[in-house]
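The values are calculated or read from the model by the stated rules, or taken from the named source; none is laboratory data. Just so you know, these numbers come straight off a predicted model, no measurement behind them. All Cβ positions, even for glycine, are placed from backbone atoms using ideal geometry, and neighbour counts span all protein chains on display.
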Amino acid sequence: MTQVQPDIIDLLAGITPGSNLDRIRAQRPETREQAQQSYLALFQPRTVDEVSLVERQAIAGFVAGLHRQPDIYEFYVNPLEEGAAGRWLVEILKAEIGAGQATGPYGNYPEGPLSGENKAGLLYRVSETNRDVLGEKLSAAFEHAHLLVFRLRDASPQALQVLLDAGWTTDGIVTLSQLVSFVAFQIRVIAGLSLLSAVSKRAAA
Amino acid sequence: MTELAIIPGVENPPVTFTQAEIGWTPWLQPLAEDDLTERHLHGLVEAARAKSPYFRLLVRNPEVLGARTKTDKDIFYNTRTGLPRAERELAATAASRSNGCIFCASVHSRFASHHSKRGDDVQKLLDEGVGADLGERWNAIVAASVALTATPPAFGDEHIARLAAAGLEELEIADVIHGAAFFNWANRLMLSLGEPTPAN
């Protein structure tokens, strides 16, 4: 039996059928459908290939936690909490999200006239203890996700080499990059539309 | 065997925000055009994208690229209703300027200039940054896009009120949200998988 999938953005932005925001989203049917298809392609892929489902959920939870979006964080870590093996991972996630808190975007521009806009900030590393438990591959993914969330203009080929050295393949890095970047998009659509929805409801009341 | 990142050694790379037609070169190996299967071509959505090293890199995950491309097209090109194209491109440019993506800002500032015929104002955004005064309607769009681009997002009631006061209806405000949010996807890929190259 095919399970009916809720639209994740509607679910997390609190958009209900027949509401004003439901009608607004209906005017961008392809945006709605393909944002959902992107979510499914990343979190219910037809083959997990290079990135396991646990890794995908954990990295998405880490990204949502760094964005300080508790509902979206819960959404991504809930599947992990169901298994005993995942519970320890959630404890580590919470600690690492705490250690990674910052306000972005920051980082450096290429040397030149924009250097004056360089902004220093946290260079996050997984703690030594947690690195041992997470392993090199997932630790490297968390550090790269932090770079992509907060200081994307610091990205470099060397940062990709760190991932390759930690056991990521080129295909795996493409999926990891899409996953972090997609969640960054999804979080902003949810944050924006849920606020618009709340304002709209207040205006109608 | 461990794979290797590409360090392209670009000479005279763009180091300022520009509307010029600059290029982009990857740090990871794209698929070869000859190796693209039906599944890859489906993910590219448009066959012409097989010429682009960026899309041939992203097509290593064809299902995600396909869905992402269709999301992109609807957010920016479905203009029968809602925000004019120029202002969606303005939101994309403001997000890219704020995140620091010189390549994305070059493409979408050109589109914003083309559709608005306000090239000088667009250039002002690139030169002076997101605090540039572009007139209240554009200022409101830029401020909302920048607030949404911040991590954590700093988008609040005041941004919606300002957009509404500038004359934007709800669907148009939703278009600003989508335009800015989408570039928080695009900027992260463009900045982290390669770098800009000079205009020819």
Matching residues in the stretch B:181-198 - criterion: being among the hydrophobic types (A, V, I, L, M, F, W, C) and within 7 Å of chain A (Cβ to nearest Cβ): B:Ala181, B:Phe182, B:Trp185, B:Leu189, B:Leu191, B:Leu193
Residues located in the stretch B:139-158, provided they are at the interface with chain A (Cβ under 10 Å from one of its Cβ atoms) and over 21 Å from the mean Cα position of the chain (by Cα): B:Gly156, B:Asp157
Filter result for the condition that a residue is hydrophobic (A, V, I, L, M, F, W, C), surrounded by fewer than 13 Cβ atoms within 10 Å (Cβ to Cβ) and within 22 Å of A:Asp154 (Cβ to Cβ), over A:Ala26, A:Ala120, A:Ala64: A:Ala120
Residues of the stretch B:1-45 satisfying the condition of being more than 29 Å from A:Asn118 (Cα to Cα), within 10 Å of another protein chain (Cβ to nearest Cβ) and not in a loop (DSSP other than H, G, I, E, B): B:Gly43
Residue match in the stretch A:145-154 (condition: within 10 Å of another protein chain (Cβ to nearest Cβ), touching a residue at least 12 places away in the same chain (Cβ under 8 Å) and assigned to a loop (DSSP other than H, G, I, E, B)): yes
Residue count for the stretch A:1-15, restricted to those that are surrounded by 12 or more Cβ atoms within 10 Å (Cβ to Cβ) and either facing another protein chain (nearest Cβ under 8 Å) or assigned to a loop (DSSP other than H, G, I, E, B) (or both): 3
Only listed residue being charged (D, E, K, R) and crowded, with 21+ Cβ neighbours inside 10 Å, chosen from B:Arg68, B:Arg85, B:Arg49, B:Arg39: B:Arg68
Options A:Arg125, A:Arg68: the member that is within 14 Å of chain B (Cβ to nearest Cβ), under 18 Å from the mean Cα position of the chain (by Cα) and at pLDDT 95 or above: A:Arg68
Index of the failed condition, A:Val77 passing every other in (1) within 30 Å of B:Phe17 (Cβ to Cβ); (2) surrounded by 14 or more Cβ atoms within 10 Å (Cβ to Cβ): (1)
Where A:Gln57 falls short, out of the listed (1) more than 13 Å from chain B (Cβ to nearest Cβ); (2) at pLDDT 95 or above; (3) loosely packed, with under 15 Cβ neighbours inside 10 Å: (3)
Matching residues in the stretch B:59-108 - criterion: being over 25 Å from B:Leu125 (Cβ atoms), facing chain A (nearest Cβ under 8 Å) and either within 10 Å of the chain's Cα centre (by Cα) or not in a helix (DSSP H, G or I) (or both): B:Arg60, B:Asn61, B:Thr81
Evaluation of A:Thr169 against (1) facing chain B (nearest Cβ under 7 Å); (2) closer than 25 Å to B:Val146 by Cα; (3) touching a residue at least 60 places away in the same chain (Cβ under 8 Å) (one fails), failing number: (2)
Condition check for A:Arg202: surrounded by 24 or more Cβ atoms within 10 Å (Cβ to Cβ) and closer than 30 Å to B:Ile173 by Cβ: no
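Table: residues versus (1) touching a Leu at 6+ places or on another chain (Cβ under 7 Å); (2) modelled with pLDDT of 95 or more.
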| site | (1), (2) |
| --- | --- |
| A:Gln3 | no, no |
| A:Pro6 | no, no |
| A:Asp10 | no, yes |
| A:Val51 | yes, yes |
| A:Pro79 | no, no |
| A:Gly86 | yes, no |
Residue that is farthest from B:Asn61 (Cα to Cα), among those in the stretch A:16-51 that are in a helix (DSSP H, G or I) and polar (S, T, N, Q): A:Asn20
Residue check, A:Leu160 buried (at least 21 other Cβ atoms within 10 Å of the Cβ), at the interface with another protein chain (Cβ under 7 Å from one of its Cβ atoms), out of contact with any strand residue (DSSP E or B) (no Cβ under 7 Å at 6 or more places or on another chain) and of a type outside the set (S, T, N, Q): yes
Candidates A:Leu93, A:Leu176, A:Leu134, filtered to the one that is without any contact (Cβ under 8 Å) to a residue 60 or more places away in the chain and either within 15 Å of the chain's Cα centre (by Cα) or in a strand (DSSP E or B) (or both): A:Leu93
